[in-house]
1. Compute the distance in nm between two label points, each set 7 Å from the Cα along the Cα-to-Cβ direction, one at LYS81 and one at GLU119.
2. With label points built 7 Å along Cα→Cβ from the Cα atoms of TYR66 and ASN196, find their separation and express it in nm.
3. Roughly how many nanometres apart are two label points built 7 Å out from the Cα toward the Cβ at ASN17 and THR100?
4. Where does helix 20-30 land angle-wise versus the long Cα axis of the chain, in degrees 0 to 90, nearest 10?
5. If you fit an axis through the alpha-carbon atoms of helix 3-18 and take the longest principal axis of the Cα set of the chain, what angle between them do you get, 0 to 90°, nearest 10?
6. Can you tell me how much longer the chain between ASN33 and SER136 gets when fully stretched, taken as 0.36 nm per residue apart minus their C-alpha distance, in nm with one decimal?
7. So which residue, out of THR100, THR208, THR148, gets the largest mean-square fluctuation from a GNM of the chain using Cα contacts under 10 Å as springs?
8. How far is helix 130-162 tilted off the main Cα axis of the chain, in degrees rounded to 10, range 0 to 90?
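Quick note: the coordinates plus some simple rules give every number you see, no bench work behind them. Predicted model only: the values in this text are computed from it and were never measured. Here the Cβ is made from the backbone with ideal geometry for all residues, glycine too, and neighbour counts use every protein chain on show.
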Amino acid sequence: MTEVLESIQQSWNDKLNNNKKIAKILKAVQGENAVYPDVEELSYEIGQELANTYKEYFPQLLKDGYMPEDIAREILESTLKSDYDIVSDAAVDVQTVLNTKAGIGLNAVRPEYDIDRVEGLIKYLIENEYLNIELSFLESVVNYSQHTVDQSISDNAEFHKNAGFQPIIVRKLVGGACEFCKQRAGTWDYSDDMSNFVFERHLNCKCTIQYIPSKQKIVLIRNYKKGKKKKQ
Ligand SMILES: [Zn+2]
């Protein structure tokens, strides 16, 4: 591990430890009333602190305005994996609590590690002049962190659907309600192609996505593809 990666990890770690909001959310996440929006908030804060750390270090690492690939790879592959590890651990904890509460005797599924997103971020970072893309790159890092939680909901709902239950996903608007999010907000029957719609997030989207499992097997709500939803 190079010195710069070590410094970045240390600095990120310090930020996480000094972040009072994170300490508070962690308590909620580890509590018996934990729900998905708690993990989402956690993923947002952790990703934001990682982005803050990149912002401090990256401008000094550029060569002719660009981030060299070897440095980008070393830093991103390691820190984005750590981000995934922290967030997916929290997601597994919450899903375990939710399953137990619902009386569902299944283990929580750890969300898949999205290597394509990591590669996408590396590519975006090295192929563009850094200062031109700094803001959107940093927001994409936060979006990446949030995605692990959305993936956890998706993977667990898929697992429950295959076990014969009918998962219901609730997406709620937070902050400035843009058209993109308004279309996706509401109560939906889970279906396996939802990642292309209900789980999509634009940069800086803080909408909450909630999945509370139950043993319900009857379809009460209509499929989003048919253009109907139960309520906004
Ligand atoms: Zn949104």
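1. Each label point lies 7 Å from its Cα, and together they span 1.6 nm.
2. 3.4 nm
3. 2.9 nm
4. Helix 20-30 and the main axis of the chain meet at about 40 degrees.
5. Orientation of helix 3-18: about 50 degrees from the principal axis.
6. Result for the pair: 33.6 nm of gain on full extension.
7. It is THR100.
8. Approximately 30 degrees, to the nearest ten.
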